[in-house]
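Every read-out reported here was derived from the displayed coordinates using simple, explicitly stated rules and does not represent laboratory data. Note that the coordinates shown come from a computational prediction; the quantities given were computed from them, not determined experimentally. Neighbour counts are summed over all protein chains in view; Cβ atoms, including those assigned to glycine, are modelled from backbone coordinates with ideal geometry.
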Amino acid sequence: MLIPQWIKSSYSSANGDCVELTTALDAIRDSKDLGGPTLAVDVGTFVCAVQQGRFDR
């Protein structure tokens, strides 16, 4: 079993409030809960949706 490698955003605040992506770009997790759940996702599609404002409130 391969252990995923995680990348934290360069925009992460000093307290670590951020999301992390796998280097394979197939999962996202909360950087404050490293042992917590992960979201399996096509990161490219997810990023496009964020850029388009689909998650804006």
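What does the C-alpha gyration tensor say about the overall shape of region 1-40? Classify as rounded when a/c is under 1.5, otherwise prolate if a/b is larger than b/c, or oblate.
prolate
Which FRET efficiency value, to the nearest 0.05, do you get for residue 11 and residue 55 by plugging their Cβ-Cβ distance into 1/(1 + (r/R0)^6) with R0 = 22 Å?
After rounding, the FRET efficiency stands at 0.85.
Calculate, for residue 48 and residue 1, the FRET efficiency according to 1/(1 + (r/R0)^6) with r their C-beta to C-beta distance and R0 35 Å; round to the nearest 0.05.
0.70
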